[in-house]
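The values are calculated or read from the model by the stated rules, or taken from the named source; none is laboratory data. For clarity, every value in this text was computed on a predicted model and none was experimentally measured. Please note: Cβ atoms are built from the backbone with ideal geometry, for glycine as well, and neighbour counts cover all protein chains shown.
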Amino acid sequence: MIYENSTLKRIIVEGCYIEDGRYHFYVQDHLGNNRMVVDQEESVAQITHYYPFGMSFAESTEVSKQPYKYNGKELDMENSLNTYDYEARLLGVAVPRFTTMDPLAEMYYNISPYAYVANNPIKHIDEEGKWITNVIGGIVGAAVEYGSQVAVNVAKNGFNSDTFTKNIDFVDIGVAAVEGAITSGASVAKNVVKKAAVT
């Protein structure tokens with residue numbers, strides 16, 4: 001809950017917020033950036049476009065309308081700080097660097113201890129300012145696992161209306177997404193070979 005001058009202004013809920021008795025839903029892209037805010041009547045309340053490291057270059061409303069933006073993180077504009085709050089560290093907007101050193105810097109000698117997502121914000125995200133997640137590897141891992149399950153369905157039952165929905169194990173797809181994110185997609189090749197050997 002967010003209070004301003006001892007008055008309840010906004011209630012934050014997963015995926016949306018409530019303000020003035022109305023729900024406002026976040027529409028996000030694959031990196032978790034809040035691209036649009038749509039209210040319960042499907043009216044667009046805010047549209048935001050970003051440069052790769054989080055600075056907005058086009059916004060349909062005043063910046064203070066809704067502060068959760070890049071990667072769904074809160075943008076602090078107070079005192080001209082212009083930083084995103086990643087819980088463990090703050091990320092500068094104008095100069096895309098964390099304001100404090102990475103506590104895991106000794107694991108990554110080839111990357112600046114202040115760098116955000118190894119300087120690759122299209123491929124990686126860092127949800128809490130602690131650890132890089134490979135988004136593309138996760139998507140590829142999930143897609144390959146789903147595709148292999150569909151291929152097994154076609155091999156066993158032929159191609160029909162149930163091919164894409166029946167006998168699909170979403171837990172395996174989730175595990176493949178996590179493996180792909182952790183290994184930058186390297187687990188995909190291993191899983192393809194393993195599945196090919198089984199079928």
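One residue is enough: does segment 4-12 have a residue meeting the conditions within 30 Å of Asn120 (Cβ to Cβ), surrounded by 11 or more Cβ atoms within 10 Å (Cβ to Cβ) and of a type outside the set (D, E, K, R)? Yes: one or more hits. Condition check: over 28 Å from Pro113 (Cβ atoms), of a type in the set (A, V, I, L, M) and modelled with pLDDT of 90 or more. Does Val37 satisfy that? Criteria met by Val37. In summary, Phe164 fulfils each of the numbered conditions (1) aromatic (Phe, Trp, Tyr); (2) at pLDDT below 80; (3) in contact with a helix residue (DSSP H, G or I) (Cβ under 7 Å, 6 or more places away or on another chain) with the single exception of condition (2).
Considering (1) among the hydrophobic types (A, V, I, L, M, F, W, C); (2) farther than 20 Å from His124 by Cα; (3) at pLDDT below 55, the lone condition that Val188 does not fulfil carries the number (2).
Looking only at segment 74-85, residues that are touching a residue at least 12 places away in the same chain (Cβ under 8 Å) and surrounded by fewer than 20 Cβ atoms within 10 Å (Cβ to Cβ) come to 4 in all. Listed here are the strands (runs of 3 or more DSSP E) enclosed by segment 1-95 that have at least 2 residues being touching a Pro at 6+ places or on another chain (Cβ under 8 Å): 74-76.
Just one residue in the set Glu179, Glu127, Glu145 is closer than 26 Å to Thr83 by Cβ, modelled with pLDDT of 65 or more and acidic (Asp, Glu); that residue is Glu127. Annotation: Pro113 fulfils all but one of (1) at pLDDT below 85; (2) in a loop (DSSP other than H, G, I, E, B); (3) more than 16 Å from the chain's Cα centre (by Cα); the unmet one is (1).
Checked against the criterion of being aromatic (Phe, Trp, Tyr), modelled with pLDDT under 85 and at negative phi, segment 74-89 contains not a single residue that satisfies it.
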